[in-house]
1. Kindly provide the set of residues from segment 145-178 that are surrounded by fewer than 18 Cβ atoms within 10 Å (Cβ to Cβ), within 14 Å of the chain's Cα centre (by Cα) and assigned to a loop (DSSP other than H, G, I, E, B), ordered by number.
2. For segment 60-78: of the residues being surrounded by 19 or more Cβ atoms within 10 Å (Cβ to Cβ) and either within 16 Å of ligand 2 (Cβ to nearest atom) or of a type outside the set (A, V, I, L, M, F, W, C) (or both), which is nearest to ILE131 (Cα to Cα)?
3. Only one of VAL16, VAL11 is touching a residue at least 24 places away in the same chain (Cβ under 8 Å) and either in contact with a strand residue (DSSP E or B) (Cβ under 6 Å, 6 or more places away or on another chain) or among the β-branched types (Val, Ile, Thr) (or both); which?
4. Looking only at segment 261-270, decide whether some residue is in contact with a strand residue (DSSP E or B) (Cβ under 6 Å, 6 or more places away or on another chain), assigned to a helix (DSSP H, G or I) and modelled with pLDDT of 95 or more.
5. Tally time: how many residues in segment 11-56 are in a helix (DSSP H, G or I), loosely packed, with under 15 Cβ neighbours inside 10 Å and of a type in the set (A, V, I, L, M)?
6. Anything in segment 103-144 that is within 26 Å of PRO74 (Cβ to Cβ), in a helix (DSSP H, G or I) and among the polar types (S, T, N, Q)? List them, or say none.
7. Out of segment 57-101, which residues are outside any helix (DSSP H, G or I) and either in contact with a Lys or Arg (Cβ under 6 Å, 6 or more places away or on another chain) or modelled with pLDDT under 95 (or both)?
8. Out of ARG87, ARG48, I need the residue that is of a type in the set (D, E, K, R), closer than 20 Å to ASP107 by Cβ and out of contact with any Phe, Trp or Tyr (no Cβ under 7 Å at 6 or more places or on another chain). Which one?
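The values are calculated or read from the model by the stated rules, or taken from the named source; none is laboratory data. Please read these numbers as outputs of a predicted model, since none were measured by experiment. Cβ atoms come from the backbone with ideal geometry, glycine included; neighbour counts cover every protein chain shown.
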Amino acid sequence: YYTQDEVRELVSYAAVRGIDIVPEFDVPGHSYAETQCYPWLSCNDDGRDPICVGKETSLEFCRNVYKEIFDLFPYEYVEIGGDEVNRSAWKTCPRCQQRIKDLELKDEAELQSWFTCTMEKYFNANGKKLIGWDEILEGGVSKSATINWWRGDHTDVVQRSTNGGNEVILCPTTFCYFDYDQDNNTLKALYTGDIVPTDLTEKQLQLIKGMQGNIWGERIPTEAQMQYMVFPRALALAEKAWTPGNQQQWDDFLPRLLKHVDRLQVIGIAQRPLKE
Ligand code: ACM
Ligand code: ZN
């Protein structure tokens, strides 16, 4: 955990380097840490994930946590998460089912959508904009939410999001998951791959906010191992994100990359050798 003072220190460390931190407090799934500490957050008070969205007390808890987050992180965007929610507990929960009935919702996917939209109103009332993983599209989403495309096999996400007027950040598992294993072809596949889907209109392309590299730390034991997973992949992704497509040439990139490989070595950053 971080104390509030530690968060403030991180935010200012990033700010002087021109970086804004987007915090994520993932709800209603991936919330095992909360439901274990406060079992009343779950449907049967049993401490299991996800959060019960039929209870007013759960919604109040989420608002309270977000309020603390809003006060600590000055950037306008905050991530709600919304990914990989196991909604099966909601199917048999009398409170969740009552909520579905009262709001005349179709199913549990729409219940999650209602929850996300309710939270988004709270975000907006506090001057914040919402980002969520692409599952938040499933039961319908507000136009103002920004979608993180992560499920590489859900190739329709960018079409659907931009057709509906939603902005998208691209981080498909196919290219952008830096915690995934590498082989001798990973870097080239990333550099030469189509992270931006090729079937978008000019108007849809305007809604692409950028690209993102993802790394999840729970199975990465050391900082050096994390650096090894990130570099030099992050350099290839940065060039892809910030260079017009017609100027991206692998043969041109490679010699320039070698200079950065040397620089990383000098400053003591671990990296995967280009061939091993
Ligand atoms: C994710 O990797 N579950 C967003
Ligand atoms: Zn419930």
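1. ARG151, GLY152
2. Going through the qualifying residues, I end up with TYR66.
3. Exactly one of VAL16, VAL11 is touching a residue at least 24 places away in the same chain (Cβ under 8 Å) and either in contact with a strand residue (DSSP E or B) (Cβ under 6 Å, 6 or more places away or on another chain) or among the β-branched types (Val, Ile, Thr) (or both), namely VAL11.
4. no
5. Qualifying residue count for the region: 3.
6. THR116, THR118, ASN124
7. Within segment 57-101, GLU76, TYR77, VAL78 meet the criteria.
8. Result: ARG87 is the single residue among ARG87, ARG48 that is of a type in the set (D, E, K, R), closer than 20 Å to ASP107 by Cβ and out of contact with any Phe, Trp or Tyr (no Cβ under 7 Å at 6 or more places or on another chain).
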